[in-house]
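Below is one structure, written out as structure tokens; the observations come after it.
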Amino acid sequence: MAKIKPQDRTSKKSTKNGTSKPKEKPRASPQELLLEAATFLQTSQPEEALVAVRRALNILQPTPTSKPSTAALPALNLLGEINVELGDPESAREAFATAIAIDPEGTNDGAEKFLWMAQLNDEGGAESVAWFEKGVAVLKREIGELEGKLVKKTEVTELLEEKKQKVANSLCGIAEVYMTDLSWEEDAEARCEAAVTEALLFAPVNPEPLQTLASIRISQLRLDDAKAALARSMDLWKDLDPDDAKVPDYSTRISLSRLLMESELEDEAIEVLERLVGENDGSVEAWYLGGWCLHLLAGKQKIKGETDTATSLLRASRDWLENCLRLYTALEYEDDRLKEHADEILKELNDTLGPSTGEEEEGEEWEDAGEDDDENDEDDEEMDGT
């Protein structure tokens with residue numbers, strides 16, 4: 001009788017105890033890794049996002065000498081955004097520059113890389129404007145292509161609106177450069193006006209161009225016009241839920257609060273700032289601006305002879321500034337001018353109110369400086385009658 005052929009050792013091992021050898025997990029594709037990286041980035045996990053996007057790039061460009069291809073563009077752009085989030089602008093610029101070298105006209109991957117380079121550019125000034133203009137040109141081309149399709153589908157309409165908003169925001173970026181780095185140029189004011197006017201044509205119901213218009217009017221000492229632009233800007237979103245897409249992002253509203261204060265609209269500014277710290281109480285700048293704003297409001301009430309209201313506002317101001325400085329230390333924040341000004345106001349407050357005990361009631365509220373005592377009395381009577 002023929003001998004029985006012994007089983008393969010691997011087979012014996014894999015079938016021991018009735019179990020089969022587990023299959024290896026399939027290798028993730030670049031597309032799956034990029035989706036994973038984008039999800040990590042959206043959920044504030046940039047370190048994990050960086051690992052995933054690098055794995056994707058290692059597949060798309062297996063060796064440093066591999067010739068970059070258009071297939072790597074989504075990974076490179078995402079890598080740039082992740083590095084921005086990680087506070088590494090140099091690596092971000094390198095990623096976007098590589099993407100631009102592959103796709104210099106934005107034909108394959110759109111305008112985002114140019115707009116990022118405008119904001120990350122070391123030189124600023126004219127170079128930033130040139131990058132913004134490159135991005136705007138790409139967006140206008142894409143808008144023309146979408147409009148040429150004459151399709152009424154919802155997704156196309158939404159994409160068209162999104163690109164128009166980006167054009168408007170980029171034009172506002174150009175105006176900001178001409179108000180700062182290039183303010184010495186002879187045509188700086190005219191370039192500002194032209195950029196913000198075009199921005200409003202592309203996005204007439206976008207708060208950012210109206211804020212930029214207000215900033216230009218403040219620099220021109222046209223405060224009434226600035227106030228009107230700011231009011232129009234706030235009316236577009238102030239009654240919306242915080243999660244509504246039409247509500248400007250956090251940094252835009254921080255800038256808004258500064259503009260409101262510069263326009264002597266402190267009541268509106270503190271309303272914006274209270275909403276901001278309600279959404280995120282970890283912003284050093286929001287607490288600082290709130291403390292400063294309340295201090296300014298107190299000064300106005302003191303001039304009116306409203307001593308009690310002024311004192312209440314000063315106490316609230318101290319609370320906000322103390323919160324600001326606690327966060328400043330905890331987060332190792334780097335803005336010497338902000339800290340110096342906060343310290344200066346706090347010293348003045350402590351000289352006026354006496355040393356802070358840290359025992360002031362957290363729930364103490366300050367009255368709206370715009371309300372008068374009669375209105376408060378009427379409210380009290382209504383409450384008594386309920």
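Every number in this text was worked out from the coordinates using simple rules, so none of it is lab data. The shown structure was predicted, so the numbers you read here are calculated from the model rather than taken from an experiment. Quick reminder, even Gly has a Cβ in these numbers, built from the backbone with ideal geometry, and neighbours come from all protein chains shown.
Quick one: if the Förster radius is 41 Å, what FRET efficiency do ALA130 and ASP235 give, using the C-beta to C-beta distance and rounding to 0.05?
Details: r = 35 Å, r/R0 = 0.85.
So the FRET efficiency works out to roughly 0.75.
Please give the contour-minus-distance gain from THR154 to ARG27: 0.36 nm per residue of separation, less the Cα-Cα distance, rounded to one decimal in nm.
Working: separation 127, 0.36 × 127 = 45.72 nm, distance 3.62 nm.
42.1 nm is the gain from fully extending THR154 to ARG27.
On a full-extension model of 0.36 nm per residue, what is the gain between GLU147 and GLU332, subtracting their alpha-carbon distance, rounded to one decimal in nm?
Details: separation 185, 0.36 × 185 = 66.60 nm, distance 4.87 nm.
Separation in residues times 0.36 nm, less the Cα-Cα distance, equals 61.7 nm.
Given R₀ = 41 Å, what would the calculated FRET efficiency be for GLU162 paired with GLU189, taking r from the Cβ atoms and rounding to 0.05?
Numbers: r = 30 Å, r/R0 = 0.74.
The value I calculate is 0.85.
With a 10 Å Cβ neighbour count serving as the proxy for reagent exposure, in which order, fewest first, do LEU240, LEU139 appear?
On the way: LEU240 11, LEU139 25.
Lowest count first: LEU240, LEU139.
Set the Förster distance to 45 Å, then compute FRET efficiency between LEU35 and THR307 from the Cβ-Cβ distance, nearest 0.05.
0.15
Under the 0.36 nm per residue contour assumption, what length would be gained going from the current alpha-carbon distance of ALA71 and ASP249 to full extension?
Working: separation 178, 0.36 × 178 = 64.08 nm, distance 3.12 nm.
Taking ALA71 through ASP249 to full extension adds about 61.0 nm, to one decimal.
Modelled label-to-label distance, ALA137 and GLU344, 7 Å Cα→beta-carbon offset: nm?
Placing both labels 7 Å beyond Cα along the Cβ direction yields 4.5 nm.
In the structure displayed, which of LYS164/LYS227; LYS227/LYS304; LYS164/LYS300; LYS246/LYS347; LYS166/LYS227; LYS300/LYS339 lie more than 31 Å apart, Cα to Cα?
On the way: LYS164/LYS227 25 Å; LYS227/LYS304 22 Å; LYS164/LYS300 41 Å; LYS246/LYS347 40 Å; LYS166/LYS227 25 Å; LYS300/LYS339 24 Å.
Among LYS164/LYS227; LYS227/LYS304; LYS164/LYS300; LYS246/LYS347; LYS166/LYS227; LYS300/LYS339, the Cα-Cα distance tops 31 Å for LYS164/LYS300; LYS246/LYS347.
Counting Lys and Arg as +1 and Asp and Glu as -1, each charge on the Cβ, what is the dipole of region 258-356 about the Cα centre in debye, to the nearest 20?
Dipole magnitude for region 258-356 comes out near 320 debye.
At 7 Å along Cα-to-Cβ for each site, give me the label-to-label distance between GLU105 and ASP224 in nm.
5.1
Just to be sure I understand the model, the point goes 7 Å from the Cα along the line to the Cβ. What's the resulting ASP351 to SER91 distance in nm?
4.7
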